[in-house]
Amino acid sequence: MDFMPVLLWSDVLIWLLVLASVAFGALSSRNPLWRGAWRRIGRSRAGMASATVLLVFVAVGLLDSLHYRPRLAEEPGQGAAAAVYGVEVLSVLDALLTPLRTRTEKTYSAPLATRAYAKEAVDVRDADGQPRQIRDHPRLKYGGAHLGADEGGRDADIGERVLRACGLALALWSAVAAAFTVAMARARGCSPAQAWRRIWCNESDFAGNAVLGALAGLLLLNLPLALLAGDYHVFGTDKVGQDVFYQVLKSVRTALVIGLVTTLVTLPLSIVLGVLAGYFRGWVDDLIQYLYTTLSSIPGVLLIAAAVLMMQVLIDTHPQWFTTAAERADLRLLALCFILGLTSWTSLCRLLRGETMKLRELEYIQAAQSFGVADLRIIARHILPNLMHIVIIALVMDFSSMVLTEAVLSYIDIGVDPTMISFGTMINNARMELAREPAVWWSLLAAFAFMFTLVLAANLLADAVRDAFDPRLAGAA
Amino acid sequence: MLAYIVRRLFYALPILLGVNLLTFALFFVVNTPDDMARMQLGVKRVTPEAIAKWKADRGYDKPLFVNAAASGSGVLTETIFFGKSARMFAGDFGRAEDGRDIAREIASRMGPSLAIALPNFAIGLLVTVSFALLLTFFRATYLDFWGVVLCVAMMSISTLFYIIGGQYLVSKVWRLVPISGYGGGVEAWKFVILPVAIGVVAGIGSSARWYRTIFIEEIGKDYVRTARAKGLAEAAVLFRHVLRNAMIPILTGVVVVIPLLFMGSLLSESFFGIPGLGSYTIDAIKAQDFAVVRAMVFIGSVLYIAGLILTDISYTFVDPRIRFH
């Protein structure tokens, strides 16, 4: 084999989450109440548009969650006895982005530039062939290298590529739209023309126009980037010459892990404790209330800071636990998720406790109790299903705040491992760049723009989910 | 009322004890003082003697909970738990890594922190409530719709962006105020105005949207219909009736944070170089100064509990239906 698959802990959790959400989707589609909620989300235009955007982010994140160690080239004399694998852990996304990953310049270069951002001493030959040193912006090694000496042709080249990409985007989009319309016409038993009209006049019970619109936007933005990224640094390069576009794409996975895995820690804690406190009351309730009041009375950032500091000491004093740097960074990321989860379960727990207390007074629960149904069975069959909407709403609402928190934590050095690419570490590394003369803005702007898109899409989807699942709002819609 | 407050204060004690035990466990049980010493001293200077000296200097050379070697009350007091945690209740926070007294440092840094946090809080509340009222006044119009869209967009932007972008634009490009720093007296406004403005803008998104929901919920109630039925103008209904009733849920969310204002803001203080408690905390975190972080955790939870009590008291002022039991 040319590679050895590596299963990082966060990969396992991410794929488990994917499996769990697929299973949950399949199970919930059997229940008419849930089906209604899913339909309401499908009808929300903002929700479906943001879901389309989020899917792209998730796809990037999932590609980045398949890790392997490439096989090193063999020494000629050794034969094929033992395969040697590199210590560097790569992902499928890395493999797809190999040109972006490996083409590093010396230092800063502006987006789409062919020359470096700062002047350097360059050797030139003047008219009579004498070597001479002048200060100039040196030519980049990779950025626009295919142009050769014809640097003036850059704008024409970029324009041509963008036009080509837009044409391609248009063709792709038309194909998808046509397929969608035909599928819809089949399902409804009407002609494709009618289906097309329905999609765009908002007459169907699925916001297809929002999905197609978002898709058009995504294609028009991303295909030009993809076509240009092969030969230019579309978002420039950072201080050590690494492509910013590559870093931004790698950050997506970190953000997703922080946003999603944290809820894995939060959910069991808050569900179990909240339901127990609300259902059994008495000393159980007192104890659990004391627990979450104590935890929530410590300001969040400080508790996280204290826990992360301790984790750092633990990691630094036990280097023998990790075989590769990626594993260490990965475990640190998971520990951060764990800490974030431990500090953020309290509010959901309080909500669930209140709701359980309300539910247990209802007649159907009391009927079940008087029939002698065991407590655990009542909780599992009658209480938990009626709490799920709160859990779902909290889950999607928390995601965006976790992504934002990661950036702040990494900025104050208590976030992810410094070697792990994330929005926070990108901002942290670039924090002094605006103060330079002339200012270097692309790293910060790219990180902020991607983070904004991700968080905005998550917020919009969260609103749609809340509107669909909240029984108070669902009646009105 | 006084009896109620005293009782609440007694309820707070077990919580503070819990916070103390938790931080103690975090700082001393997860990692032994030996690990911390190694971490602080770095790789080069680690010798058993250096570690022993580091521990002795900071009082970490005692047993954790019970000192069997000591006599009398010393069994409990000659321990790390008593020396490091129990004394915090008396306001004795010990010394930072650089040898300075933490309590004195905190007292001197509170002023700059408040100079930023207090105007930020007051102006922010005023601006967000007015903005939310404006959206409510124009509800179900395009202004309301785009206002909410603006709120969602603004809450999706990272705080770091507001700070970095604002600092770049106002201080570097327009050169209106100094980039960072702090001065006492009248000159302080120059340093304070930008962090406050950025803090206010950064807070608008989420709070204005939340307040708007509260207002909209309130506006559907019967007393509002009565007020309209007797011929009041919409503005009068909003300001005299809806605003006053909606202040109850708004206050509960807001009063809790008032005591925490003393802690300052972590991010804006460190970006603007303001010598407050927020930047003190950040510096301590970056320098891995355990004593300072522990002290800040303790103070933070004390202030939070104070905020909870204040919230309960403030209820009675805004809602005469609530009485203490």
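Can you pull out the residues in segment A:441-459 that are within 16 Å of A:Gln247 (Cα to Cα), of a type in the set (A, V, I, L, M) and more than 7 Å from chain B (Cβ to nearest Cβ)?
If the condition is that a residue be within 16 Å of A:Gln247 (Cα to Cα), of a type in the set (A, V, I, L, M) and more than 7 Å from chain B (Cβ to nearest Cβ), then A:Leu445, A:Ala446, A:Ala447, A:Ala449, A:Leu454 are the ones that fit.
What number goes with the only condition from (1) within 12 Å of chain B (Cβ to nearest Cβ); (2) more than 17 Å from the chain's Cα centre (by Cα) that A:Gly372 does not pass?
It fails just one condition, (1).
Answer yes if at least one residue in segment B:31-53 is more than 14 Å from every other protein chain (Cβ to nearest Cβ), under 22 Å from B:Ile102 (Cα atoms) and either assigned to a helix (DSSP H, G or I) or not hydroxyl-bearing (Ser, Thr, Tyr) (or both), and no otherwise.
At the first step, the residues of segment B:31-53 found to be more than 14 Å from every other protein chain (Cβ to nearest Cβ) are B:44-45, B:47-50, B:52-53.
Filter again for under 22 Å from B:Ile102 (Cα atoms), leaving B:53.
From the residues that got through so far, the ones that are either assigned to a helix (DSSP H, G or I) or not hydroxyl-bearing (Ser, Thr, Tyr) (or both) too are B:53.
Yes.
Return a yes/no flag: does segment A:325-344 have any residue that is outside any helix (DSSP H, G or I) and modelled with pLDDT under 90. Outline the logic, then answer.
First pass over segment A:325-344, keeping only residues outside any helix (DSSP H, G or I): none.
Looking through segment A:325-344, none of the residues is outside any helix (DSSP H, G or I) and modelled with pLDDT under 90.
Answer yes if at least one residue in segment A:394-417 is touching a residue at least 12 places away in the same chain (Cβ under 8 Å), hydrophobic (A, V, I, L, M, F, W, C), part of a loop (DSSP other than H, G, I, E, B) and buried (at least 22 other Cβ atoms within 10 Å of the Cβ), and no otherwise. Even if it seems obvious, please write down each step before you answer.
So the first thing to find is which residues in segment A:394-417 are touching a residue at least 12 places away in the same chain (Cβ under 8 Å), and the list is A:394-400, A:402-417.
Next, only the ones that are hydrophobic (A, V, I, L, M, F, W, C) stay: A:394-397, A:399, A:402-404, A:407-409, A:412, A:414, A:416.
Of the ones still in play, those that are also part of a loop (DSSP other than H, G, I, E, B) are A:412, A:414, A:416.
From what is left, the residues that are buried (at least 22 other Cβ atoms within 10 Å of the Cβ) are A:414, A:416.
Within segment A:394-417 (the criterion being touching a residue at least 12 places away in the same chain (Cβ under 8 Å), hydrophobic (A, V, I, L, M, F, W, C), part of a loop (DSSP other than H, G, I, E, B) and buried (at least 22 other Cβ atoms within 10 Å of the Cβ)), the answer is yes, since at least one residue qualifies.
Taking the conditions exactly as written (in the same structural domain as B:Gln167 (by TED's automatic domain parsing) and loosely packed, with under 15 Cβ neighbours inside 10 Å), does B:Gly183 satisfy them or not? First the steps, then the outcome.
On the way: in the same structural domain as B:Gln167 (by TED's automatic domain parsing): yes; loosely packed, with under 15 Cβ neighbours inside 10 Å: yes.
Against the criterion (in the same structural domain as B:Gln167 (by TED's automatic domain parsing) and loosely packed, with under 15 Cβ neighbours inside 10 Å), B:Gly183 qualifies.
Within segment B:214-231, identify whether any single residue is aromatic (Phe, Trp, Tyr), touching a residue at least 60 places away in the same chain (Cβ under 8 Å) and out of contact with any Ser or Thr (no Cβ under 6 Å at 6 or more places or on another chain), and answer yes or no.
Residues of segment B:214-231 aromatic (Phe, Trp, Tyr): B:215, B:223.
Narrowing the set further to residues that are touching a residue at least 60 places away in the same chain (Cβ under 8 Å) leaves B:215.
Narrowing further to those that are out of contact with any Ser or Thr (no Cβ under 6 Å at 6 or more places or on another chain): none.
The answer is no, given that none of the residues of segment B:214-231 is aromatic (Phe, Trp, Tyr), touching a residue at least 60 places away in the same chain (Cβ under 8 Å) and out of contact with any Ser or Thr (no Cβ under 6 Å at 6 or more places or on another chain).
Would you tally the residues in segment A:297-324 being part of a helix (DSSP H, G or I), facing another protein chain (nearest Cβ under 8 Å) and among the small types (Gly, Ala, Ser)?
3
Against the definition (among the hydrophobic types (A, V, I, L, M, F, W, C) and surrounded by fewer than 20 Cβ atoms within 10 Å (Cβ to Cβ)), how does B:Leu238 come out, yes or no?
Numbers: among the hydrophobic types (A, V, I, L, M, F, W, C): yes; surrounded by fewer than 20 Cβ atoms within 10 Å (Cβ to Cβ): no.
Answer is no for this residue.
Within segment A:266-294, count every residue that is at the interface with chain B (Cβ under 10 Å from one of its Cβ atoms) and within 28 Å of the chain's Cα centre (by Cα).
Qualifying residue count, segment A:266-294: 0.
Hey, among the residues in segment B:149-179 that are at the interface with chain A (Cβ under 10 Å from one of its Cβ atoms) and not in a helix (DSSP H, G or I), which one's farthest from A:Val403 (Cα to Cα)?
B:Ile179
Please state which one of B:Gly147, B:Gly181, B:Gly199, B:Gly185 is at pLDDT 90 or above and under 26 Å from the mean Cα position of the chain (by Cα). Walk me through it before giving the result.
Numbers: B:Gly147 fails: under 26 Å from the mean Cα position of the chain (by Cα); B:Gly181 fails: at pLDDT 90 or above; B:Gly185 fails: at pLDDT 90 or above.
Result: B:Gly199 is the single residue among B:Gly147, B:Gly181, B:Gly199, B:Gly185 that is at pLDDT 90 or above and under 26 Å from the mean Cα position of the chain (by Cα).
Between residues in segment B:242-255 that are polar (S, T, N, Q) and residues that are in a helix (DSSP H, G or I) and modelled with pLDDT of 85 or more, which pairs lie under 8 Å by C-beta distance while being six or more apart or on different chains?
B:Asn245/B:Glu218; B:Asn245/B:Tyr223; B:Thr252/B:Thr311
Of the conditions (1) within 23 Å of the chain's Cα centre (by Cα); (2) over 30 Å from A:Arg360 (Cα atoms); (3) assigned to a helix (DSSP H, G or I), A:Arg198 clears all except one; give me its number.
(1) is the only condition that A:Arg198 fails.
For segment B:183-290, give me every one of the helices (runs of 4 or more DSSP H) that falls completely inside it and has 1 or more residues that are more than 18 Å from B:Tyr162 (Cα to Cα).
Values: elements: B:188-219, B:222-229, B:243-255, B:257-260, B:266-271, B:277-286.
Fully inside segment B:183-290 and qualifying: B:188-219, B:222-229, B:243-255, B:257-260, B:277-286.
The values are calculated or read from the model by the stated rules, or taken from the named source; none is laboratory data. Everything numeric here is computed off the predicted structure, so don't read it as measured data. All Cβ positions, even for glycine, are placed from backbone atoms using ideal geometry, and neighbour counts span all protein chains on display.
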